[in-house]
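Worksheet: one structure, shown below.
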Amino acid sequence: MNCYEHTLIAKQDLPENQIKSLINKYENIINKNSGKIIKTEEWGLKNFSREINKNKKGIYFHIKLEGNGKTIEELEKAENIDDMLIRFLTVKVKTHDLKNQYFETKEK
């Protein structure tokens, strides 16, 4: 099994229940295609440095997973036709960094 980090950006105007169903949908695709989810992080609403498809903000999600080429192929095939997503990116990594959470909210 290879290690992957998958980041996806959803449109900012999605209601909360639709966001949850979107993440569940992709987690199910990973699990059905012999993948294993290690960790899912919601990074929240972030501003883009430039406008993407007439959007200035997006809701970021980051999934750390293990799988094979078929897992990633099926995941990205489903994401290519999803109108709720703006962008996605999959990166193969050697090991998962589970200690750091890069976009955690800081308590004041």
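The values are calculated or read from the model by the stated rules, or taken from the named source; none is laboratory data. Quick caveat: nothing in here was measured; it's all calculated off a predicted structure. Neighbour counts run over all protein chains shown; Cβ positions are idealised from the backbone, glycine included. In case anyone asks, the SASA skips ligands and DNA or RNA and just uses the protein heavy atoms, side chains included. Shrake-Rupley method; radii C 1.70, N 1.55, O 1.52, S 1.80 Å.
Listing for the model above:
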{"read-out": "Cβ-Cβ under 8 Å pairs, at least 6 apart or on other chains, segment 50-77 side more than 21 Å from LEU14 (Cα to Cα), far side among the charged types (D, E, K, R) and open to solvent by 80 Å² or more (accessible area, probe 1.4 Å)", "value": "LEU65/LYS36; GLU66/LYS36; GLY67/LYS36; GLU74/LYS32"}
{"read-out": "Conditions (1) surrounded by 11 or more Cβ atoms within 10 Å (Cβ to Cβ); (2) within 12 Å of ALA10 (Cα to Cα); (3) not basic (Lys, Arg): number failed by ASP83", "value": "(1)"}
{"read-out": "Any hit, segment 29-46, residues being part of a helix (DSSP H, G or I) and surrounded by fewer than 15 Cβ atoms within 10 Å (Cβ to Cβ)", "value": "yes"}
{"read-out": "Total residues in segment 56-96, condition in a loop (DSSP other than H, G, I, E, B), of a type in the set (D, E, K, R) and over 14 Å from the mean Cα position of the chain (by Cα)", "value": "2"}
{"read-out": "Matching entry among GLY58, GLY35, GLY44 (being on the phi > 0 side of the Ramachandran plot and not β-branched (Val, Ile, Thr))", "value": "GLY44"}
{"read-out": "Identity of the residue in segment 50-80, of a type in the set (D, E, K, R) and over 16 Å from HIS6 (Cα atoms), that ends up surrounded by the most Cβ atoms within 10 Å (Cβ to Cβ)", "value": "LYS57"}
{"read-out": "Test result for LEU22, farther than 26 Å from THR95 by Cβ and part of a helix (DSSP H, G or I)", "value": "yes"}
{"read-out": "Any hit, segment 89-102, residues being of a type in the set (Phe, Trp, Tyr), free of Cβ contacts under 8 Å to residues at least 60 places away in the same chain and open to solvent by 50 Å² or more (accessible area, probe 1.4 Å)", "value": "yes"}
